[in-house]
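Here's the structure, in structure tokens; my notes come after.
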């Protein structure tokens with residue numbers, strides 16, 4: 001059934017490209033995780049004889065993709081969006097804030113050293129430290145700076161290259177993929193894209209992801225490169241295992257606790273000292289792998305995180321809502337004549353970190369506008 005899902009995704013992607021007249025659109029931008037980390041890797045593993053096809057996992061992926069696509073057709077009236085005033089001050093304040101936020105993280109980075117392995121160990125410690133929220137804000141600030149500077153200058157500058165380099169080696173593998181997708185989407189919307197170069201670039205990024213993972217895991221492990229590659233693409237297997245625990249009744253549903261508690265991550269632990277370690281997605285990890293989770297090892301359970309709250313209902317809702325929200329910000333972006341503010345909302349994950357930074361930016365804009 002995995003092959004059918006893959007063809008179904010490609011078919012819907014083709015329809016969305018024809019509809020939006022852009023390769024990167026509200027539907028295709030939402031496919032990176034279910035397609036690149038669930039469907040394609042597992043198909044490869046099945047072909048190689050190192051993976052199995054699970055009907056339960058396939059149905060969950062299919063439902064999510066279907067309702068994600070349907071959600072892009074649901075239109076709601078959008079609010080008028082106001083542009084940021086004085087881009088220079090916004091950029092300057094963002095740089096200053098990023099530096100200030102990174103200062104508490106610096107000792108942890110120096111502790112492990114500037115190497116692929118060291119960066120990964122830094123990442124694994126910082127996300128469970130009292131400054132985990134600082135790390136999330138720092139990454140978001142870098143992405144915002146990259147977008148604002150590119151839209152402002154309409155070209156790749158030395159500063160942009162430096163920011164991209166920092167994000168690529170921030171310790172998070174998803175940051176590499178996200179940065180690449182944001183860059184090519186900006187080129188498609190604000191300039192012209194050579195799709196042959198785009199295809200080659202994605203292959204290079206894929207290789208970079210694998211190399212990055214190998215360099216972080218091969219040290220201190222008795223694994224060859226092939227086994228390490230297989231361990232990198234275990235999201236489908238982990239998802240299947242978690243789904244079966246809920247369907248078989250071995251685990252109780254969380255009834256919204258995972259979704260609601262995920263907002264805890266933006267609250268610094270030094271402010272809320274009693275903040276639990278198992279909140280948001282980590283609730284499921286601690287429930288399934290308590291010892292590994294305590295040691296900082298948290299494999300992804302894919303769509304099982306959404307499933308854990310309300311079962312199939314939350315898969316349908318999360319898919320539909322994600323599609324609707326992407327389409328909402330996309331329409332807002334085009335009706336604003338491609339202003340950077342709705343583009344930020346469209347291309348970045350809409351969460352409390354982004355909302356907080358937007359309030360900060362609008363306060364700066366308002367003060368500057370009034371003076």
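Computed from the coordinates by the stated procedures, all read-outs in this text should not be read as laboratory data. Every value quoted in this text rests on a predicted model; they were computed, and no experiment measured them. Reconstructed Cβ throughout: ideal geometry from the backbone, glycine too, with neighbour counts over all protein chains shown.
Worth a mention:
- Label point of residue 103 set 7 angstrom out along Cα-Cβ; within segment 121-143, amide nitrogens under 16 Å from it belong to 131, 134-135, 138.
- Residue 152-residue 271 FRET efficiency (beta carbon distance; Förster radius 51 Å; 0.05 resolution): 0.90
- Backbone N under 16 Å from the residue 11 label point (7 Å along Cα→Cβ), restricted to segment 64-85: 64-70
- For segment 30-84, fraction of C-alpha pairs farther apart than 15 Å, in %: 62 percent
- Here's the picture: a label point sits 7 Å out from the Cα of residue 93 along the beta-carbon direction, and within segment 316-353 the residues with their amide nitrogen under 18 Å of it are 340-342, 344-345, 353.
- The stretch between residue 188 and residue 56, if pulled fully straight at 0.36 nm per residue, gains 43.9 nm over its current Cα-Cα span.
- Volume per residue of the C-alpha convex hull in segment 64-137, rounded to whole Å³: 186 Å³
- Spherically averaged projected area in nm², based on the convex hull that wraps the Cα atoms of segment 299-371: 6.5 nm²
- Cα-based convex hull volume of segment 271-324 per residue, rounded to whole Å³: 108 Å³
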